[in-house]
């Protein structure tokens, strides 16, 4: 199996579709993607900074631009419950939320995944209270890392659009049939206007294709039970089946990303290495901060320092083999987490990266930086300092404190 495709690699031989260049923020471009996909059912509740997605999409519904049944629910718990009912009835179903909204639908996140319903969630990362904060960190989605949902992370507006459409194909893949959460960083992407390309509506429809659910509550000739009581006899086996679906998602994500690349010139994989072939020191990160790290890498390369970046696009399922292989040769590594695992041996991304390396006999000195909580700015100079720390670690072999904080007032 191919481990990963490098995103945004040069596309050879042209591409079949040219889209329209637009200036949109991440929330509005995802709403555009939803309009183009025209799902059967959308059930959602507004919450900052996700509100702009469902607000914009509701205008498409009101204007008759889509045939979607838009369910205006009283809460996020009700939103996911409605999605489960619609998906179990054979519909193509989507929703959107963030932060406390996800926390409110917590119970039913597990139901959606356990019933293997291919729901797509358009997600905007935001901090969790208390204290109250509406800006970006990854505490919300990291809290759901073991809920059984596939998780993809976007770096910018273009990737938020691309991931939104690919998520449908991934979720509905017959070997996967697992819900997908694709995220964008709150305000940084969701409310940051950028130049991006939108495909023609017909091209998007052709890419996702029609959906034929393998089961449906409305198929009266083939009655089924969804979500029954499942005690000692079979519960364990059903959980193990979920593992198979998640494992097979790795290859499905690669296949769908490759097909998207042939269509658009923007191929996607599980990870995106940048200047990693000969890197001595590297940073691994999720989301929009990858762009900041990339700028620092370019500056350091111009100074003769062999810095590299490993952007991890797919967090669940975690691409352990691809990550370990990409990091095998580096002399020191920093993993950046925009969330804290209170009382844990390390923070979420760090723990997965370290497990991936150790389980494949990759021995690299590694440190873990927490950064950007509650939307705190993360700038290039801070990334340069991380690389300087890594150069010192690679020189003397001593990591010092493993858990560190970037941009924190002492």
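Table for the structure above
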item: Inter-residue pairs, beta-carbon under 7 Å, first assigned by TED's automatic domain parsing to the domain that holds residue 147 and within 13 Å of residue 149 (Cα to Cα) and in the stretch 233-255, second modelled with pLDDT of 95 or more and assigned to a helix (DSSP H, G or I), 6+ apart; result: 242/113; 242/114; 249/170
item: Which numbered condition residue 261 misses (of (1) over 25 Å from residue 114 (Cβ atoms); (2) free of Cβ contacts under 8 Å to residues at least 60 places away in the same chain); result: (2)
item: Residue check for residue 294: surrounded by fewer than 18 Cβ atoms within 10 Å (Cβ to Cβ), outside the structural domain of residue 138 (by TED's automatic domain parsing) and without any contact (Cβ under 8 Å) to a residue 60 or more places away in the chain; result: no
item: The stretch 342-368, residues that are under 20 Å from the mean Cα position of the chain (by Cα) and surrounded by 19 or more Cβ atoms within 10 Å (Cβ to Cβ); result: 347, 348, 349, 350, 352, 353, 354, 356
item: Boolean, residue 226 is at pLDDT below 95, buried (at least 16 other Cβ atoms within 10 Å of the Cβ), in a loop (DSSP other than H, G, I, E, B) and in contact with a helix residue (DSSP H, G or I) (Cβ under 6 Å, 6 or more places away or on another chain); result: yes
item: Test: residue in the stretch 169-182 that is at positive phi and surrounded by fewer than 24 Cβ atoms within 10 Å (Cβ to Cβ); result: yes
item: From 203, 164, residue being surrounded by fewer than 20 Cβ atoms within 10 Å (Cβ to Cβ), assigned by TED's automatic domain parsing to the domain that holds residue 248 and under 20 Å from residue 35 (Cα atoms); result: 203
item: Subset of the stretch 298-312 (residues that are more than 15 Å from residue 394 (Cβ to Cβ) and in contact with a helix residue (DSSP H, G or I) (Cβ under 8 Å, 6 or more places away or on another chain)); result: 299, 309, 310, 311, 312
item: Residue check for residue 213: touching a residue at least 40 places away in the same chain (Cβ under 8 Å), surrounded by fewer than 22 Cβ atoms within 10 Å (Cβ to Cβ) and not in a strand (DSSP E or B); result: yes
item: Some residue of the stretch 76-86 being part of a loop (DSSP other than H, G, I, E, B) and at pLDDT 95 or above; result: no
item: Breaking point among (1) in a helix (DSSP H, G or I); (2) touching a residue at least 40 places away in the same chain (Cβ under 8 Å); (3) in contact with a strand residue (DSSP E or B) (Cβ under 6 Å, 6 or more places away or on another chain), for residue 299; result: (3)
item: Spans of helices (runs of 4 or more DSSP H) in the stretch 92-157 with at least 3 residues farther than 20 Å from residue 30 by Cα and touching a residue at least 40 places away in the same chain (Cβ under 8 Å); result: 106-114, 139-143
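Listed here are the residues, each with its yes/no results for (1) within 24 Å of residue 197 (Cα to Cα); (2) buried (at least 20 other Cβ atoms within 10 Å of the Cβ); (3) in the same structural domain as residue 171 (by TED's automatic domain parsing); (4) within 19 Å of the chain's Cα centre (by Cα).
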residue: 14; (1), (2), (3), (4): yes, no, no, no
residue: 29; (1), (2), (3), (4): yes, yes, yes, yes
residue: 32; (1), (2), (3), (4): yes, yes, yes, yes
residue: 38; (1), (2), (3), (4): yes, no, yes, no
residue: 45; (1), (2), (3), (4): no, yes, yes, no
residue: 55; (1), (2), (3), (4): yes, no, yes, no
residue: 59; (1), (2), (3), (4): yes, no, yes, no
residue: 71; (1), (2), (3), (4): no, no, yes, no
residue: 80; (1), (2), (3), (4): no, yes, yes, yes
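The values are calculated or read from the model by the stated rules, or taken from the named source; none is laboratory data. Please read these numbers as outputs of a predicted model, since none were measured by experiment. Positions of Cβ are generated from backbone atoms using ideal geometry, with glycine treated the same way; all protein chains shown enter the neighbour counts.
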